[in-house]
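The values are calculated or read from the model by the stated rules, or taken from the named source; none is laboratory data. As the structure is a computational prediction, the values presented were derived from the model and not from experiment. With ideal geometry, Cβ positions are generated from the backbone for all residues, glycine too; neighbour counts draw on all protein chains shown.
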Amino acid sequence: MSNALLKGKKGIIFGALDEKSIAWKTALKCHEEGAQIVLTNAPVALRMGEINKLAEAVKAPVIGADVTNMDDLKKLFEESMKHFGGKIDFVLHSIGMSLNMRKGKSYTEIDYGFNQKTLDISAMSLHRVLRTAWDLDALNEWASVVALTYIAAQRVFPDYNEMADAKSLLESVTRSFGYHYALKKKVRVNTISQSPTRTTAGSGVKGFDGFITYAEKMSPLGNASSEDCANYIAVMFSDYTRMVTMQNLFHDGGFSYTGVTAEVINQMEK
Ligand SMILES: NC(=O)c1ccc[n+]([C@@H]2O[C@H](COP(=O)([O-])OP(=O)(O)OC[C@H]3O[C@@H](n4cnc5c(N)ncnc54)[C@H](O)[C@@H]3O)[C@@H](O)[C@H]2O)c1
């Protein structure tokens with residue numbers, strides 16, 4: 001159902017890899033709510049070709065950009081503004097990648113070269129995106145930028161590995177850049193801390209099946225789905241959340257504030 005929440009708004013969505021991606025669901029939702037979109041992902045992800053299906057569905061051009069490459073980002077924002085015939089109202093940063101996890105390295109034995117790449121792709125990339133928009137003056141007043149994060153930034157989830165550090169940095173960049181962008185142009189920058197979700201990035205976490213089931217039992221509302229997340233992101237892109245900035249917003253069915261649930265206690269008593 002559409003409420004035309006984003007009618008007339010124009011935005012860039014990073015990170016739609018396949019139908020399971022949170023960015024994919026968000027692109028569908030934003031389109032349904034009346035937004036015009038540009039889709040982007042790393043050139044290597046575009047070669048999979050899946051994104052073309054989404055592009056057709058939401059009538060969006062696809063512009064490749066490796067988020068660690070400033071020339072790519074400049075080209076992306078310039079071409080997007082040309083396509084829209086004006087500045088941009090929202091940006092979704094839905095990007096995560098851990099090289100050490102990919103290589104099977106545990107937290108206590110990480111390779112620091114890989115670690116630098118992980119932090120660059122998963123966290124400093126938000127700074128790069130905001131900096132590019134800032135330098136080009138690409139965002140409209142009251143534009144909204146959302147990045148996706150996970151509660152391992154605040155609490156220990158051992159198998160989340162170096163991504164916990166990456167998410168802490170991502171949330172810090174959100175606050176720090178959010179301050180400057182609010183003063184300069186009333187641009188809002190927030191993170192949404194999402195429940196574990198079955199996607200390519202999510203399933204890369206060791207022991208993911210146990211992890212997602214545990215979170216389900218520890219969340220009074222249950223885990224938030226990627227469709228629920230897309231709905232929340234659409235609200236954050238809308239004018240109904242104009243005074244929200246520099247926040248980490250938990251979208252997790254209550255998990256973050258729950259000490260224990262009856263279901264988990266029952267399980268322990270068995
Ligand atoms: N799935 C979960 O359980 C979960 C929970 C909380 C937060 N998140 C976060 O949500 C976001 C989206 O992940 P997802 O779960 O939809 O998985 P996903 O694998 O579908 O999306 C990750 C995306 O990052 C992109 N990417 C990787 N390297 C890149 C680069 N150099 N340049 C540009 N793009 C690059 C990938 O191509 C992919 O599209 C991530 O930030 C992730 O950490 C996921």
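This table checks each residue for (1) over 21 Å from residue 43 (Cβ atoms); (2) assigned to a helix (DSSP H, G or I); (3) over 21 Å from the mean Cα position of the chain (by Cα); (4) not hydroxyl-bearing (Ser, Thr, Tyr).
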| residue | (1), (2), (3), (4) |
| --- | --- |
| 66 | no, no, no, yes |
| 80 | no, yes, no, no |
| 83 | no, yes, yes, yes |
| 91 | no, no, no, yes |
| 101 | yes, yes, no, yes |
| 105 | yes, no, yes, yes |
| 115 | yes, yes, no, yes |
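Any residue that is of a type outside the set (D, E, K, R), surrounded by 15 or more Cβ atoms within 10 Å (Cβ to Cβ) and under 19 Å from residue 200 (Cβ atoms) - is there at least one of those in region 172-188?
No; the residues of region 172-188 include none that is of a type outside the set (D, E, K, R), surrounded by 15 or more Cβ atoms within 10 Å (Cβ to Cβ) and under 19 Å from residue 200 (Cβ atoms).
Residues of region 189-204 being surrounded by fewer than 20 Cβ atoms within 10 Å (Cβ to Cβ), among the small types (Gly, Ala, Ser) and in contact (Cβ under 8 Å) with a residue 60 or more places away in the chain, which ones?
Hit for region 189-204 is 204, nothing else.
Residues in region 228-235: is at least one more than 19 Å from residue 153 (Cβ to Cβ), part of a helix (DSSP H, G or I), within 16 Å of the ligand (Cβ to nearest atom) and of a type in the set (D, E, K, R)? Spell out how you get there, then give the answer.
Here is the first cut: in region 228-235, the ones more than 19 Å from residue 153 (Cβ to Cβ) are 228, 230-231, 234-235.
From what is left, the residues that are part of a helix (DSSP H, G or I) are 228, 230-231, 234-235.
Subsequent filtering for residues that are within 16 Å of the ligand (Cβ to nearest atom) retains 228, 230-231, 234.
Subset that is of a type in the set (D, E, K, R): 228.
Scanning region 228-235 turns up at least one residue that is more than 19 Å from residue 153 (Cβ to Cβ), part of a helix (DSSP H, G or I), within 16 Å of the ligand (Cβ to nearest atom) and of a type in the set (D, E, K, R).
Considering only region 32-44, I want to know if a residue exists there that is without any contact (Cβ under 8 Å) to a residue 24 or more places away in the chain and either more than 16 Å from the ligand (Cβ to nearest atom) or over 17 Å from residue 77 (Cα atoms) (or both).
Yes, region 32-44 contains a residue that is without any contact (Cβ under 8 Å) to a residue 24 or more places away in the chain and either more than 16 Å from the ligand (Cβ to nearest atom) or over 17 Å from residue 77 (Cα atoms) (or both).
Residues checked against (1) in contact with a strand residue (DSSP E or B) (Cβ under 7 Å, 6 or more places away or on another chain); (2) more than 12 Å from the ligand (Cβ to nearest atom); (3) at pLDDT below 95:
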{"site": "173", "(1), (2), (3)": "no, yes, no"}
{"site": "179", "(1), (2), (3)": "no, yes, no"}
{"site": "217", "(1), (2), (3)": "no, yes, no"}
{"site": "245", "(1), (2), (3)": "yes, yes, no"}
{"site": "250", "(1), (2), (3)": "yes, no, no"}
{"site": "270", "(1), (2), (3)": "no, yes, yes"}
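Table: residues versus (1) crowded, with 19+ Cβ neighbours inside 10 Å; (2) among the acidic types (Asp, Glu); (3) without any contact (Cβ under 8 Å) to a residue 60 or more places away in the chain.
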{"position": "49", "(1), (2), (3)": "no, no, yes"}
{"position": "62", "(1), (2), (3)": "no, no, yes"}
{"position": "79", "(1), (2), (3)": "no, yes, yes"}
{"position": "83", "(1), (2), (3)": "no, no, yes"}
{"position": "89", "(1), (2), (3)": "yes, yes, no"}
{"position": "121", "(1), (2), (3)": "yes, no, yes"}
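In region 132-178, which residue that is touching a residue at least 40 places away in the same chain (Cβ under 8 Å) and among the basic types (Lys, Arg) is nearest to residue 241 (Cα to Cα)?
175
What single numbered condition from (1) away from the ligand (no atom under 16 Å from the Cβ); (2) within 27 Å of residue 257 (Cα to Cα); (3) part of a helix (DSSP H, G or I) fails to hold for residue 134?
It fails just one condition, (2).
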